[in-house]
Amino acid sequence: LPGSYKLWWDYLRFRSEVLTGSSGGSNPNPDQRLASSSSHRRYRATVSAYERCLVRCNKYPRIWLSYVTYVIRSDPTCSATNVRRLFDRCLLALPATQHQKIWDEYICWVTRSMPPWLEGGNSNVGRDMLGPVCTLYRKGKLGDAAGSGGGGSSINNTADDGDGDGIPPETVLRVVRRYVHSFDPSARELLADLCL
């Protein structure tokens with residue numbers, strides 16, 4: 001049963017809850033989360049479990065988004081590069097018909113704001129449910145989890161503050177430009193807003 005989606009999903013959810021403590025209610029303080037080397041080993045073991053799962057189950061966007069959310073919330077380095085590379089791997093592995101699910105989350109994470117097409121009740125068919133990254137943003141936990149503290153759609157809110165926590169403005173523009181160019185040309189307004 002190495003390709004069983006349900007078994008992997010339950011196992012990964014259990015691994016993630018053990019480290020983040022999300023099954024018990026409140027999430028531990030990010031500074032205290034990896035205070036010991038055993039916590040860091042548990043983080044690496046959970047990342048390893050996700051990687052082993054993706055060898056067999058790489059066509060499931062729910063597993064990819066769970067992995068991305070876990071890294072955003074639990075990565076001790078809060079590295080924007082790691083998260084960006086994970087999103088890029090996800091887009092390469094999934095068929096084009098499932099890219100919209102990933103791009104919505106990617107844009108929400110990189111801009112630290114809700115994409116305009118997901119705001120309010122004006123969602124398109126198939127986009128009526130928010131994914132885990134947009135849900136983190138709605139709850140106000142995305143900035144804290146990824147270390148930026150920003151919440152607006154301006155590119156200045158995502159600028160790197162020197163300690164590696166923020167997303168560099170060049171990266172934000174590169175990701176949004178790639179989204180507009182290769183996936184949704186109607187999102188040019190988002191790109192123009194970021195450039196201002």
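What follows is calculated from the coordinates using simple rules that are stated; it is not laboratory data. A quick note: this is a predicted structure, and the numbers were derived from the prediction, not measured. Cβ: placed from backbone, ideal geometry, glycine included. Neighbour counts: every protein chain shown.
The phi torsions of the stretch 84-95, fed into the Karplus equation with coefficients 6.51, -1.76 and 1.60 and a -60° offset, translate into couplings of 4, 5, 5, 4, 5, 4, 4, 5, 6, 7, 8, x Hz, rounded to whole numbers, with Gly and Pro shown as x. Fully extending the segment from residue 4 to residue 129 would add 42.5 nm, taking 0.36 nm per residue of separation and subtracting the current Cα-Cα distance.
Take the Cα of residue 100, go 7 Å toward its beta carbon, and the backbone nitrogen atoms of the stretch 168-196 under 12 Å from that spot belong to 184. Please label the shape of the stretch 49-124 as rounded, prolate or oblate, based on the square roots a ≥ b ≥ c of the eigenvalues of the alpha-carbon gyration tensor (a/c under 1.5 means rounded; beyond that, a/b larger than b/c means prolate, else oblate). Oblate, because a/c is 1.5 or more while a/b does not exceed b/c.
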